[in-house]
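Just below is one structure, and these are the notes that go with it.
The values are calculated or read from the model by the stated rules, or taken from the named source; none is laboratory data. Every value quoted in this text rests on a predicted model; they were computed, and no experiment measured them. Heads up, the Cβs are rebuilt from the backbone with ideal geometry, glycines too, and the neighbour counts pull from every protein chain shown. Heavy atoms of the whole protein, side chains included, go into the accessibility calculation; ligands, DNA and RNA do not. Shrake-Rupley method; radii C 1.70, N 1.55, O 1.52, S 1.80 Å.
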Amino acid sequence: MPPTTKGSLQILSIFTSIYTMDLESIFDIRTKVLLSILFGISSLLLAPYGIAVSLDTVKIDIPWSQIFPLTITMAWGWRYGLLVGFSGGAFFPFLLWSEDGWVNLTTSLLYLLLYSLVGLGNGQRYARLLKSRVLRIAVAVGIYVLINLVYDAYFFNLILQYNPPFWKADAVTAIDQNIIYSFAFKDSINVIGVVLASEALLRLPLLRKALGLPLLASMHANHLIFVITLLVPILIWLVFLGLGYALLRDHNALLYEHKSFALMVILVNGFLASRILFYYSETRFTLQNKLKDSENRYRSVFENITDVLYQTDMNGLIIEMSPSIAPLSGYTPEELIGTPFNLLIDIPIDSKFELLYSQKSSELKDQEVKLKTKHGETKYVSINTCLIFDTSVAPVYIGGIMRDVSERKKNEWLIADKNRILQLQNKELEQFAYITSHDLQEPLQTLTSISAMMKEEYSGTLDQQAETYLDFITSSSLRMKTLIKGLLDYSRIGKNGALMLVDTKALVNELIIELNEVIQEQAALITVEDLPQLLAYPLELKLAFHNLLNNALKFQTQNKVPRIKISAQRQVQHWVFAVQDNGIGLEAKDFEKIFIIFKRLHNRSEYRGAGIGLSHCKKIVELHGGNIWVDSKPGEGSTFYFTIPIVS
């Protein structure tokens, strides 16, 4: 490979490694670097063919070729803009204004600064400070214009004093300050015009495609707008030119200045107009598409929703009805449109719909009404509806949605009927339990009395086996009496009483006093933490605590000091009570069994009781709307938890 070619590739690789951050484009970095260099060379070569204006002895050239670096800057980013500038785009002053000498160097640096500022304003780096991209570019141009004005006012003539440079022996060494100010004015107009032109050109689909930028559907009309906004100013300029020939026939110099400066101003305005029209055209296209999408989505929902969407005017005539009305009512939307709403819906005379139509209410929610089908059937629907207002806050129509709740109504009736039957059955069962337990008391009492009398009357005459039978009859009768009493108590839970404010800590302390004899006998240590005041059934809640505390004292290992802790913790909607002991514990398989009525886990010889205490607790907790459960390990103790809802 020749050394020159190898060196060129190395330079290109260096450029490629630098330009890793760029704006969205389908071109790779190497392609954009090559195109940037090409645009820079083209910009330099085309610079002498710009628009020129002569003022006295000074010639002002307007370098339209600056569109190249600025367009690349806004398309691909400030790095590529600088590359276009260093490739020739920023060095046009050496061709146009060679007589300025050293000033051309600083002018080129100022244009490189312009590319950087516009590129940074066009990017997203400062989007947090200023969201609008156009405003960021305007700020960037404003900063450049300010710097350029300061430069022309204080440094332009200062640098001219160092002329001539080695490449221009006849360079000027001073220029009238007023002319320099005209330079500044011209340059400001030129920069604004070129930035506007570049911004407008980048909205053209053809140029965006050439630069590998994404095309937006909203840009479809930009070519036509651009052509019109340029042709109209050019036609105006031609008319203006014709007037100039007629009025300035004998003043060729003025005629030249007249036509060239007028063209520049007209073109700048053309670019400005095109950019404004681009914005409105693209915005309008985007809004139309969004509106169309919104209408399509609404139409899709309107035609496919299972619920029924409808609209009526303020007189109650149907003006819109979704197709889902057909399977619900048998009517098609076309049959219903224009008919009164009460043809379909059975509206009671004193219903809230009258308030809506009379504008005394603006919305109705979950109104259940009857719907009359085409075939004479009656269905039930739930309606949500509201007034729709125009921009002057005047009601124009009523919109709503109705849902078929016929199946739900049937289920509600079925549940209500079953609840009624269940309540009757529960009442009958409770009466049966009460009567049975109450009526069994008398024969049991008789049996117990007779066995006691026989044992006393025939004492010494009965053999040992007969006395054992009598003892068995007596103990069984007493045990049966205990079971019947427990069943009677179970049936009475929740029968009487009302919710009252209960101080649970005082209630537990009262229980401890009542059980003091057992507690002292076992030397039990009982800890009662802070317990709440809440609405509860006081007698039932006391019975629940009594059974839990009694069990904690009862189911203990011999020669072990019982330790019991009673606590409560507030949750979002309820209190969680805990009764913890260090007793014999339970196996996991028995966690549910212990709450079944008359279910015992131990022999009566080991632990006394009828096996009904925890079933009492369960019924009492459920009476309050709570739950009860246990957490336990054999040999380590048990903790019984139950919840009581917080009722305000």
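The set of residues in region 600-626 being exposed (fewer than 14 other Cβ atoms within 10 Å of the Cβ) and either at pLDDT 80 or above or under 17 Å from residue 549 (Cβ atoms) (or both) consists of 608, 625.
Summed over region 358-403, the residues that are on the phi < 0 side of the Ramachandran plot and either among the acidic types (Asp, Glu) or assigned to a strand (DSSP E or B) (or both) give a count of 32.
Screening the candidates 568, 524, 498, 588 for the property of being modelled with pLDDT of 85 or more, of a type outside the set (Lys, Arg) and under 27 Å from residue 625 (Cα atoms) yields one hit, 568. There is no residue in region 344-353 that is part of a helix (DSSP H, G or I), open to solvent by less than 90 Å² (accessible area, probe 1.4 Å), touching a Ser or Thr at 6+ places or on another chain (Cβ under 7 Å) and at pLDDT below 90.
Somewhere in region 588-596, is a residue in contact with an Asp or Glu (Cβ under 9 Å, 6 or more places away or on another chain), closer than 20 Å to residue 639 by Cβ and aliphatic (A, V, I, L, M)? First the steps, then the outcome.
From region 588-596, those in contact with an Asp or Glu (Cβ under 9 Å, 6 or more places away or on another chain) are 591; that's our starting set.
Then drop every residue that is not closer than 20 Å to residue 639 by Cβ, which leaves 591.
From the residues that got through so far, the ones that are aliphatic (A, V, I, L, M) too are none.
No; the residues of region 588-596 include none that is in contact with an Asp or Glu (Cβ under 9 Å, 6 or more places away or on another chain), closer than 20 Å to residue 639 by Cβ and aliphatic (A, V, I, L, M).
Scanning region 45-67 for residues that are more than 18 Å from residue 188 (Cα to Cα) and modelled with pLDDT of 85 or more, we see that the one that is surrounded by the most Cβ atoms within 10 Å (Cβ to Cβ) is 46.
This table checks each residue for (1) within 14 Å of residue 267 (Cα to Cα); (2) at pLDDT 80 or above; (3) outside any helix (DSSP H, G or I).
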{"site": "218", "(1), (2), (3)": "no, yes, no"}
{"site": "226", "(1), (2), (3)": "yes, yes, no"}
{"site": "234", "(1), (2), (3)": "yes, no, no"}
{"site": "244", "(1), (2), (3)": "no, no, no"}
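When restricted to residues that are more than 20 Å from residue 76 (Cβ to Cβ) and charged (D, E, K, R), region 175-227 contains 3. Of the listed requirements (1) in contact with a strand residue (DSSP E or B) (Cβ under 9 Å, 6 or more places away or on another chain); (2) without any contact (Cβ under 8 Å) to a residue 40 or more places away in the chain, residue 401 misses just one: (2). Filter region 95-112 for residues that are in contact with a helix residue (DSSP H, G or I) (Cβ under 9 Å, 6 or more places away or on another chain) and open to solvent by 60 Å² or more (accessible area, probe 1.4 Å); which is modelled with the lowest pLDDT? If we take residues in region 95-112 being in contact with a helix residue (DSSP H, G or I) (Cβ under 9 Å, 6 or more places away or on another chain) and open to solvent by 60 Å² or more (accessible area, probe 1.4 Å), then 95 is modelled with the lowest pLDDT. Pairing each residue of region 331-347 that is farther than 12 Å from residue 320 by Cα with any residue that is of a type in the set (D, E, K, R) and part of a loop (DSSP other than H, G, I, E, B), provided the two are 6+ apart or on different chains, yields C-beta distances under 6 Å for 331/374. Residue count for region 264-299 under the criterion of being acidic (Asp, Glu) and touching a residue at least 24 places away in the same chain (Cβ under 8 Å): the result is 1.
Here's the yes/no breakdown for (1) of a type outside the set (A, V, I, L, M, F, W, C); (2) at pLDDT 70 or above; (3) in contact with an Asp or Glu (Cβ under 7 Å, 6 or more places away or on another chain):
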site	(1), (2), (3)
449	yes, yes, no
465	yes, yes, no
472	no, yes, no
490	yes, no, no
502	no, yes, no
516	yes, yes, no
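Would you check if there is a residue in region 302-310 being modelled with pLDDT under 85, open to solvent by less than 70 Å² (accessible area, probe 1.4 Å) and part of a helix (DSSP H, G or I)? Walk me through how you get there before you give the answer.
Here is the first cut: in region 302-310, the residues modelled with pLDDT under 85 are 302-306.
Next, from what is left, pick out any that are open to solvent by less than 70 Å² (accessible area, probe 1.4 Å): 302, 305.
With the extra rule that they be part of a helix (DSSP H, G or I), the set shrinks to 302.
Taking every residue of region 302-310 in turn, at least one turns out to be modelled with pLDDT under 85, open to solvent by less than 70 Å² (accessible area, probe 1.4 Å) and part of a helix (DSSP H, G or I).
For region 68-94, residues that are under 20 Å from residue 199 (Cβ atoms), open to solvent by 30 Å² or more (accessible area, probe 1.4 Å) and of a type in the set (Phe, Trp, Tyr) total 2. For residues in region 198-227 being touching a residue at least 40 places away in the same chain (Cβ under 8 Å) and open to solvent by 70 Å² or more (accessible area, probe 1.4 Å), which is farthest from residue 115 (Cα to Cα)? By that ranking, first place goes to 220. Using the structure shown, decide if residue 579 is modelled with pLDDT of 85 or more and aliphatic (A, V, I, L, M). Here the answer is yes, as residue 579 does meet what is asked.
A single member of 147, 175, 192 is open to solvent by 20 Å² or more (accessible area, probe 1.4 Å) and touching a strand residue (DSSP E or B) at 6+ places or on another chain (Cβ under 9 Å), and it is 175.
Residue under question is residue 121, and the condition is that it be open to solvent by less than 40 Å² (accessible area, probe 1.4 Å), over 44 Å from the mean Cα position of the chain (by Cα), within 30 Å of residue 224 (Cβ to Cβ) and small (Gly, Ala, Ser); does it hold? Criteria not met by residue 121. The single condition among (1) open to solvent by less than 40 Å² (accessible area, probe 1.4 Å); (2) of a type outside the set (S, T, N, Q); (3) touching a Ser or Thr at 6+ places or on another chain (Cβ under 9 Å) that residue 184 does not meet is (3).
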